[in-house]
Amino acid sequence: MTESTDTRTLRTQGTKKPARDGGIRESAVSRTVAMAVMIVATLYFLTPLWWLLVASTKTRSDFTTTNPLWFADFALFDNVAALVTYRDGVFLQWLANSALYAGVGALLATLFAAMAGYAIAKYTFRGRETLFNVILGGVLVPATALALPLFLLFSQAGATNTIWAVLLPSLVSPFGVYLSRIYAAASVPDEIIEAARIDGAGEVRTFFTVATRLMAPALVTIFLFQFVAIWNNFFLPLIMLRDESLFPVTLGLYVWNTQVSQIPDIRALVVIGSLLSIIPLIVTFLALQRFWQSGLANGGLK
Amino acid sequence: MARDTAVKASNAVSHKKALAVFLIPFGSLFVLFYVVPILYAIYQSLLTVEREGTFGPAVQVFGGLTQYIAVFQNEPFWASIGRVLLFGVVQVPVMLGVALLLALLLDSPLVRGTKFFRLAFFAPYAVPSVIAAIMWGFLYSPNLSPFTAVTSSVNFLSAELVLWSIANVVTWVYVGYNMLIIYSALLSIPQEIYEAARLDGAGQFRIAFSIKIPLVVPALVLTGIFSIIGTLQLLAEPQVFQSFSNAVTSTFTPNLTIYSTASVPNISLAAAMSVVLALATFVLSFTVLKLTQRRTAS
């Protein structure tokens, strides 16, 4: 499974596109049709986001009475102010909670997965393949399937409705181990580990100073996808948390959305809150795209 | 010579220590939060509640397969499984087909501005399912939608259509993600393979069908399996849509059924449902894996 990844050479982003002569032969019709498909797809993907952005800038009365896809009176900052002051700024608390769960959770999950994947790739020990296969089986167990059993366990320990109930289960990323193993096998040469040994560096130190640097694209990829998985996680907090001050932003907005029929004014807060809750993710993805795209290209497949 | 063996021996010892450092953090968390919950769910699913008389205290006793019999007789649960299977049979091929088409177009010389398109298609993946569902819920609702011309004649939130309206939300979020995985696989195809085809006068369509698609089958299998798992686990989108449409019941998908059963509370029945659902997911994704492996091998 991994061997072919080790040996094959990979093209990097940017040095792409078949040679130019192949392009010239394509007819103008194919080009036009292809571009038309791309533009229709772009409209499909971006229109809802555009609508959300426009809707967030509107006053409550303009929201239903003006063109939904174009700006009216610009009330974005009033809306933001209304959102962050509503009920003593509970929304900011939710954003902070999401940042804590996703940030700390993804960071530690990446570290643990990287260590385990590296060990499986670079050391021979008894039960190595069995261990890897069990972890691979874990990839096929979806997080939602674990939510109820986790709730039962945490309630046995009296630990539901705490930060730990959401944070601890997020520290496990079987997919991260899988990705780390493939990437470590392909990108950390045995000679470098040997050289570090001869220099007298300990195994653990070699991992932290040498291997993590070589595995960086994979580590960023694992971090990002785990970050998104935790940020988007809904079932686990829904089951675990009762106390509003512990909610992540997704659960908070969900609860507000269920109250729209009783409190119509809250709809404007749901809209602006939705916009603010996706901006951190989009910014993170854009800022780190160089890393995760090459991480996906090199190890995310096969 | 003697010195050599000494070094080796001490290395072996330190490797063992290093291995422990590397494997214990992940290993213990994996056991605690993956393996133990699964075992505990199985244990819980074998219990049943007994009461002494009508008002006596409830006592959990071993009930064997009682809960599993109850699961198999539970019509809403099977109806919800049938619903997500129908959903998956339509939505997964459509989503992966669109993702494949867009990835092929991005990889072809027909399109300019690939970097922009790549990010535009991927952007919805950064939107949490809950938020995506809230957003589309607004877009579908007749009085808020920007597309009143459409929503006034078609009720996307009706009992007949709401499943497909949810399918659209899921497709919108995940097409870009799947496209990126397929596109990465396309990028790793060595250029030389195309040279021969081009010398033979093959056009882009021919190259796509005869070379590119067969070579990205592993990526399609991977995305297919993750999509099947995601479909059987549908929860956030229908849960949100309950606020927009009465047609989304509390047993709309298997996970909603489990959630509502657990809040009754009928924990043991819900645990048994979880076990059945997890097994069904595993069997289905494993079957797809084996079937596609056999086909690509022959």
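The values are calculated or read from the model by the stated rules, or taken from the named source; none is laboratory data. None of the values given here were measured: they were computed from a predicted structure. Please note: Cβ atoms are built from the backbone with ideal geometry, for glycine as well, and neighbour counts cover all protein chains shown.
Regarding B:L102, is this residue within 8 Å of chain A (Cβ to nearest Cβ), surrounded by 14 or more Cβ atoms within 10 Å (Cβ to Cβ) and at pLDDT 95 or above? Can you show your working first?
Working: within 8 Å of chain A (Cβ to nearest Cβ): yes; surrounded by 14 or more Cβ atoms within 10 Å (Cβ to Cβ): yes; at pLDDT 95 or above: yes.
So B:L102 passes the test.
Looking only at the range A:108-138, residues that are more than 9 Å from chain B (Cβ to nearest Cβ), touching a helix residue (DSSP H, G or I) at 6+ places or on another chain (Cβ under 8 Å) and among the β-branched types (V, I, T) come to 1 in all. Within the range B:77-102, residues that are of a type outside the set (G, A, S) have Cβ atoms under 7 Å from residues that are surrounded by 14 or more Cβ atoms within 10 Å (Cβ to Cβ) and not in a helix (DSSP H, G or I) in these pairs: B:R83/B:F252; B:R83/B:T253; B:V84/B:L234; B:V84/B:T253, counting only partners at least 6 apart in sequence or on another chain.
Of the residues making up the range A:230-254, those that are assigned to a helix (DSSP H, G or I), of a type outside the set (F, W, Y) and facing another protein chain (nearest Cβ under 10 Å) are A:N232, A:L238, A:I239, A:V249, A:T250, A:L251, A:G252, A:L253.
One residue alone among A:L92, A:L100, A:L167 is in contact with a Gly (Cβ under 6 Å, 6 or more places away or on another chain), within 19 Å of A:E244 (Cβ to Cβ) and surrounded by fewer than 21 Cβ atoms within 10 Å (Cβ to Cβ), and that residue is A:L167. With respect to B:V130, is the statement that it is in contact (Cβ under 8 Å) with a residue 12 or more places away in the chain, within 15 Å of A:Y44 (Cα to Cα) and not in a loop (DSSP other than H, G, I, E, B) true? The answer is no for B:V130.
Whether any residue in the range B:205-212 is in a loop (DSSP other than H, G, I, E, B), more than 10 Å from every other protein chain (Cβ to nearest Cβ) and among the aromatic types (F, W, Y) is what I want to check. Full working, then the answer.
First, the residues of the range B:205-212 that are in a loop (DSSP other than H, G, I, E, B): none.
No, that holds for no residue.
Here is a check on your reading of the model: is B:A133 farther than 21 Å from B:L220 by Cα, within 20 Å of the chain's Cα centre (by Cα) and more than 7 Å from chain A (Cβ to nearest Cβ)? Spelling it out, B:A133 is indeed farther than 21 Å from B:L220 by Cα, within 20 Å of the chain's Cα centre (by Cα) and more than 7 Å from chain A (Cβ to nearest Cβ).
In the set (1) in contact (Cβ under 8 Å) with a residue 12 or more places away in the chain; (2) polar (S, T, N, Q); (3) more than 16 Å from A:Y101 (Cα to Cα), the condition left unmet by A:S170 is number (3).
Tally the residues that are at the interface with another protein chain (Cβ under 10 Å from one of its Cβ atoms) and either touching a Pro at 6+ places or on another chain (Cβ under 7 Å) or modelled with pLDDT under 80 (or both), restricting the search to the range A:279-302. Reasoning before the result, please.
Of the range A:279-302, the ones at the interface with another protein chain (Cβ under 10 Å from one of its Cβ atoms) are A:279-286, A:289, A:292-302.
Those still in the list that are either touching a Pro at 6+ places or on another chain (Cβ under 7 Å) or modelled with pLDDT under 80 (or both) too: A:289, A:292-302.
Going through the range A:279-302 one residue at a time, the tally reaches 12.
Note on the range A:49-93: among residues that are of a type in the set (K, R) and part of a helix (DSSP H, G or I), the one that is farthest from the other protein chains (Cβ to nearest Cβ) is A:R87.
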